[in-house]
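The values are calculated or read from the model by the stated rules, or taken from the named source; none is laboratory data. Predicted, not measured: the structure shown is a model, and the values here were computed from it. Cβ sites come from the backbone with ideal geometry, for glycine too, and all protein chains shown count toward neighbours. Ligands, DNA and RNA are excluded from the accessible area calculation, which covers all protein heavy atoms including side chains. Shrake-Rupley method; radii C 1.70, N 1.55, O 1.52, S 1.80 Å.
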Amino acid sequence: TDDLHGLTLSVHHRYEPLGEMLLLGDGGTVRGAGVPRIIERVAGVADGSSVSPTTGAPALSRHFDNVAGVAVSPSGLVHFSERGAHRIWRVEDDGRLTHIAGTGTEGSTGDDGPAVLAEITWPGHLAFGPRGELYFTSPAAGASPSTRIIRRIDTDGVIHRVAGNGDRGDAVEAVGDGLAAVDAPLESPHHPAFGPDGALYFVDGLSTLRMVDTAGRLRTLNPRASREFGLDTDATPLARADLGAIGAFTVAHDGTFYIGTLDGVIFRIGADRLLFRVAGGGDIDFDRELGP
């Protein structure tokens, strides 16, 4: 005990989040699977007649107009987009609301200024970037021409445009590839996600995966011009893949893509950029080893 200046060590435990296991210091384990999941309402009420949301109001006492995107910040706070009202909100630890972006008026003004004073259009899906900044999409919706862009809200509350010049593009034909993303036309960006390389990945239009690299350039990962295979073929290179209609997209911590299609198929795309189905698809041979 002299080396510890008189202190002694007791048994220590360690939690493994991926396996939801508490590894006890005596060699035992406690699994989280045995703990019941409980649904709790974080924000909003079903009664549309409630008072409109404002900063400082209890999140549970307000009605929101079409929540389209939800993301949790690195500090654990829930952020969400109120699509119909053209605003983005944060729920604080005490359950009260903070207005993050949007004046409530549809538009795309205010870049490089305070996000709370900027006009935003139909904010959709949300994603947090590697430095804690919040990204959101404005897909093609509504009457405003200021859709089809991706914007970023920095941790200091300043908003910037990241991709899209507001014009309608053709993602299938990879229009805009190689340009600075802010100068390129997008078709309808949605489902943004970040890879471990710091690049921003997103779905554009119905079935096209695109990215904004760390230099700010736009790139298409599966242009139609090179598609030769079908939706039902395993080991298809992503660059030649037809993914059908994409309904969900995310990027794992190791850079693996997971895609859910409206045809009821889930694809995994690893570092080799080959497609493998992990669920759905009818006659797929699930005895095949697909890897971790």
Rounded to two decimals, what is Rg over Rh for segment 180-227 when you use alpha-carbon atoms and the Kirkwood radius?
0.95
Taking the reciprocal of mean 1/r across every pair of different Cα atoms in segment 67-152, the Kirkwood radius in Å is 12.7 Å
In what order, largest first, do His12, His99 sit by accessible area if the probe radius is 1.4 Å?
His12, His99
Placing each pseudo-label 7 Å from Cα in the direction of the beta carbon, Asp26 and Leu179 end up separated by a distance in nanometres of 6.6 nm
Just how much of Tyr201 is accessible, in Å², when a 1.4 Å probe is used and the result is rounded to the nearest 10?
10 Å²
Carbon plus sulfur, as percent of the 1.4 Å-probe accessible area of segment 86-165, comes to 46 percent
Here FRET efficiency (C-beta to C-beta, Asp167 to Ser73, R₀ 35 Å, nearest 0.05) is 0.65
Per-residue SASA entry for Ser108, accessible area with 1.4 Å probe, Å² rounded to 10:
50 Å²
Probe 1.4 Å, protein heavy atoms only - accessible area per residue of segment 84-159 in square angstrom:
39 Å²
Sorting His125, His79, His253 by accessible area (1.4 Å probe), largest first, what list results?
His253, His125, His79
Thr105 to Glu92: extension gain in nm, 0.36 nm per residue of separation minus the Cα-Cα distance?
2.3 nm
Spin-label model distance (nm) - Ala248 vs Arg131, 7 Å beyond Cα toward Cβ
3.2 nm
How much of the pair distance distribution for segment 143-217 lies past 21 Å, counting alpha-carbon pairs only, in percent?
20 percent
Solvent-accessible surface ranking, highest first, for Arg224, Arg37 at 1.4 angstrom
Arg37, Arg224
